[in-house]
Amino acid sequence: MLLKRWVAAGGDLVKRALPGYCAFCLEPLEGGVSWCSACYEQLPWNHPACPCCGDQLTSNHQTLCGHCVSKRPAFEAAHVALRYALPINKLVHDFKFNARPRAGMLLCELMQDSLPSPPFDAIMPVPMTPQRARERGFNQARWLALELARQSGLPMLEARRLKQGPSQRQLNRQARFANLAGAFVVDTPPPAYVAIVDDVVTTGATAHALALALRRAGAQRVDVWAAARIPLVVDDA
Ligand SMILES: [Zn+2]
Ligand SMILES: [Zn+2]
């Protein structure tokens, strides 16, 4: 029994890692696609969402979220197609913590699907400090940006991160923004229109800080291009 279960689980893992099967329901597929249409339709699409920061809106009639109404971030628009819910959260986790390339390729594919002809002049991944990059051994934002640059033909720019700061996870919205002030430096003058690439966006505090650095360096417009939006779970009060 145990062996049977182990073989079944192993079979699933192999299928999940290989093209030829739907990435979500593991049904065999034809034609080189990565998912079946039923699974694709049921993905947690980020609608309705604030066009500026990508945060979930409560109704279709709202044009901007409350945060963006009171203060717009330094970036103009967020292209975040999905919400961080099943099965996208599993995919992101698999990519980020197990560095699984198949999961990364699927995220790139979903990002490109939501923006078939990206209007940007260049893309820039959210950088890590060299120390954090060494500790983690894998920089998921850079991996995605490299792959998106390769697929779309856009140049990839890089910025420097001066401080990583404490984990953002336990911080509320205001603290996240304060924690990241002055965290990024852009050394080379960027083109007019740059998109910041990251795997997930929570409050947008990281993208805001990097967008400020890009604007200071000469960019006229900065957008965010990410795979999924994570709701901020800590109390905002
Ligand atoms: Zn499927
Ligand atoms: Zn917003």
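The values are calculated or read from the model by the stated rules, or taken from the named source; none is laboratory data. Remember, it's a predicted structure, so these values are computed and weren't measured experimentally. Because the Cβ atoms are built from the backbone with ideal geometry, glycine has one as well, and the counts that use them run over all protein chains shown.
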**OP:** Go through the stretch 139-165 residue by residue and tally those that are exposed (fewer than 15 other Cβ atoms within 10 Å of the Cβ) and in contact (Cβ under 8 Å) with a residue 40 or more places away in the chain.
**Re:** 1
**OP:** Write out, first by first residue and then by second, each pair whose Cβ atoms fall under 9 Å of each other, whose residues are 6+ apart or on separate chains, and whose first residue, in the stretch 39-57, is without any contact (Cβ under 8 Å) to a residue 24 or more places away in the chain and among the acidic types (Asp, Glu) while the second is away from ligand 2 (no atom under 14 Å from the Cβ) and not in a helix (DSSP H, G or I).
**Re:** none
Subject >> Residue under evaluation residue 28, criteria (1) crowded, with 19+ Cβ neighbours inside 10 Å; (2) touching a Gly at 6+ places or on another chain (Cβ under 7 Å); (3) modelled with pLDDT under 95, criterion not met >> reply: (1)
**OP:** Go through the residues of the stretch 213-221 one by one and say whether even a single one is polar (S, T, N, Q) and buried (at least 22 other Cβ atoms within 10 Å of the Cβ).
**Re:** no
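Tell me which helices (runs of 4 or more DSSP H) are completely within the stretch 138-226 and hold 2 or more residues being under 26 Å from residue 112 (Cα atoms), or say none if there are none.
Values: elements: 140-152, 173-179, 205-216.
It comes to 140-152, 205-216.
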**OP:** Spot the failing condition for residue 27; the list is (1) of a type in the set (Asp, Glu); (2) assigned by TED's automatic domain parsing to the domain that holds residue 158; (3) touching a strand residue (DSSP E or B) at 6+ places or on another chain (Cβ under 9 Å), and only one is missed.
**Re:** (2)
